[in-house]
Structure formats: C-alpha cells, structure tokens
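Participant: Just dropping this structure here.
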C-alpha cells in the first residue's frame, strides 16, 4: 500500500481513501469498478460529510491511485462526467442525489441486470450479496477482455444472457454450485424465519418480506465480509 501512496502528491487524502476502501491493508486491485462507483456516487457524498472541494479532491486522488495500480476502468469512474454530475446532484438535495446515484448505477455496464430467474433484492442476504459482487467482477472482466461491448446495440441483451449463464452455472466461490441455487435457498430460509403478518396472507418465497425480518436476521445479513458489506448496509 505504501508504494501506491507514493504515486500521489496528496498523501493524507490517499491514506484516508485507502483506510476507507481497503481497511484490511489489501491492494487496490481487490476493488471492482462497481465498488468504486458506489464509493464515488454514494459513500463519498453520503457518508464522508465532505464539502464540494474535498469531494473533488477525493475523486481526483482516488483516480490517481487507481491509475497507478493499473486499474484503468475504475480510474475512469473517478474522472468521469457522470461522477461530477452525481456529486453535484447530492449538493442540491438528498433526493436529487439518490436519484442521480440510481440513474448512474442503472446505466453502468458493470451493474448486474435483473434476469427472468432473479430480480435483485433491495436488501440482500449473504449469498445474494456474494453472488452480485462476484457477478460485478465477472462483468468487468468480460468488458476488459472484449467479451462484452457496452457500445453495441445488442449489449443489454448480451449482458442479460451473460448474467443468466453465470448465475445458473457452477462457480468455485459457491463450492461448485450455481449461485442461483444459493440465493433461492437463502431466500426460502429467510422467508420461513420471518414473522407472519396477522391480517394478510403469507408472501411466497419469491417475494420475501425483507423489511419485516427480525433484527437478529438484519445483523446476520449485514455481516457478509469484504467491501460488499458496505453496500449491503449503505445502498438505498
């Protein structure tokens, strides 16, 4: 990490950024472009309590750090017009900031799309969060290697097929099982443990009443390790 810090002039900001993004001292290379997007578009303006000048300074230094680490796509997020627009929207109002963040995230090529087999939850269990984080990384890899072309007219459909294939194919990180199996099993378990509303019929497993989960389950959901744990608890 020290080698990366020497690449930038503003070392105090570099230390603060690294302490936030990789508190365990890991290399910047462990961060996906999607995690950098979440930081620039949500965590920085929402959680850092930094003024406009400090936010600009933070994204500039982060861009330099990522570029020095060879993370071209992630570095480009920091210097993009979209990031500047999202940060400006947050300065206008919280509502405008949230709207700009959601719009930017929805348009990002590394955002896993909903597929017929799975619509991503607003609040996620450990397995679902793990699946989404790993699919984000796989999408980024496919973009870097030219397997997917975001400028192509067929990109939305191609990305959807890519996500479907990944979710339904055995993956090492899921002990050789398909991620979709783990997500569905987890949703069924959480649905079974959730309290039943007294005046309404039970929801089916495919429509989990997330916000009615007991507090001990919320704690379990949010304790998923790695950088993705921040997005599980922080993202709206």
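Participant: Just grab the label-to-label distance for residue 165 and residue 47, each label 7 Å out from Cα along the Cβ direction, in nm (one decimal).
Facilitator: A separation of 3.4 nm, rounded to one decimal place.
Participant: When you count, for each residue, the other Cβ atoms within 10 Å and take the mean per peptide, how do 140-146, 151-157 rank with the highest first? Please report the intermediate quantities before stating the final value.
Facilitator: Numbers: 140-146: 13.7, 151-157: 10.3.
By packing density, highest mean first, the sequence is 140-146, 151-157.
Participant: Could you calculate the contour length gain from residue 188 to residue 145, that is, 0.36 nm times the residue separation minus the distance between their Cα atoms, to one decimal place in nm? All intermediate terms of the calculation are to be shown ahead of the outcome.
Facilitator: Working: separation 43, 0.36 × 43 = 15.48 nm, distance 3.62 nm.
Extending this stretch completely gives an extra 11.9 nm.
No value in this document is a laboratory result; all are computed from the given coordinates. Everything quoted here is computed from the prediction, not taken from an experiment. Using ideal geometry, Cβ is built from the backbone for each residue, glycine included, and neighbour counts are taken over all protein chains shown.
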